[in-house]
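This report refers to the structure that appears directly beneath it.
The values are calculated or read from the model by the stated rules, or taken from the named source; none is laboratory data. Because the structure is a prediction, the values reported are computed rather than measured. Here the Cβ is made from the backbone with ideal geometry for all residues, glycine too, and neighbour counts use every protein chain on show. SASA here: full protein model, heavy atoms, side chains in, ligands and nucleic acids out. Shrake-Rupley method; radii C 1.70, N 1.55, O 1.52, S 1.80 Å.
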Amino acid sequence: MPGLFIDVRVDAAVAKDAELARKLAEACPVDIFEATDAGVMIVEANLDECTLCDLCLQAAPEGTVQIVKLYDGDVR
Ligand code: SF4
């Protein structure tokens, strides 16, 4: 289940990439990404803490991570 205000989506093609998972976990200041043996997991309890800092977008290949503002439909 996404957060009330924010949803974060990682493209299935890269979600199992352990190196990318580690980069995302390091990049996000509010721990929305968790690096596991199975790849990146989204910590849903933290979704609404997203500051829209875009560090995850910069850490991932273009277009593979999306930040969705559920309150206005905007996608970053
Ligand atoms: S935009 Fe910033 S706070 Fe939000 S998920 Fe990405 S790294 Fe985390």
Convex hull projection area averaged over all views, region 21-76, Cα basis, nm² | 3.8
Where is the GNM fluctuation largest for the chain (alpha-carbon springs, 10 angstrom cutoff): 19, 44, 62?
-> 62
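Magnitude of the Cβ-charge dipole of the chain, K/R +1 and D/E -1, about the Cα centre, nearest 20 debye?
Working: 6 positive and 15 negative charges, 24 e Å.
Dipole size: approximately 120 debye.
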Can you give the extra length, in nm with one decimal, that the chain gains between residue 37 and residue 49 once fully stretched, where that is 0.36 nm per residue apart less the Cα-Cα distance?
-> 1.9 nm
If you line up the long axis of helix 18-27 against the longest principal axis of the chain, both from Cα atoms, how many degrees apart are they, to the nearest 10?
-> 50
Go through 40, 52, 12 and say which Cα lies farthest out towards the positive end of the charge dipole of the chain; charges sit on Cβ, +1 for Lys and Arg, -1 for Asp and Glu.
-> 12
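Could you tell me what percent of the accessible area of the chain is made up of carbon and sulfur, with a 1.4 Å probe and every protein chain present?
On the chain, the fraction of accessible area on carbon and sulfur atoms equals 52 percent.
What's the extension gain from residue 71 to residue 26 if we count 0.36 nm per residue and subtract their Cα-Cα distance? Walk me through the numbers before you get to the answer.
Values: separation 45, 0.36 × 45 = 16.20 nm, distance 2.68 nm.
Extra length available between residue 71 and residue 26 comes to 13.5 nm.
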Which ³J(HN,Hα) values, rounded to whole Hz and listed in residue order, are derived for region 61-72 from phi using the Karplus coefficients 6.51, -1.76 and 1.60 in 6.51 cos²θ - 1.76 cosθ + 1.60 with θ = phi - 60°, glycine and proline given as x?
-> x, 3, x, 8, 10, 10, 10, 10, 8, 5, 6, 9
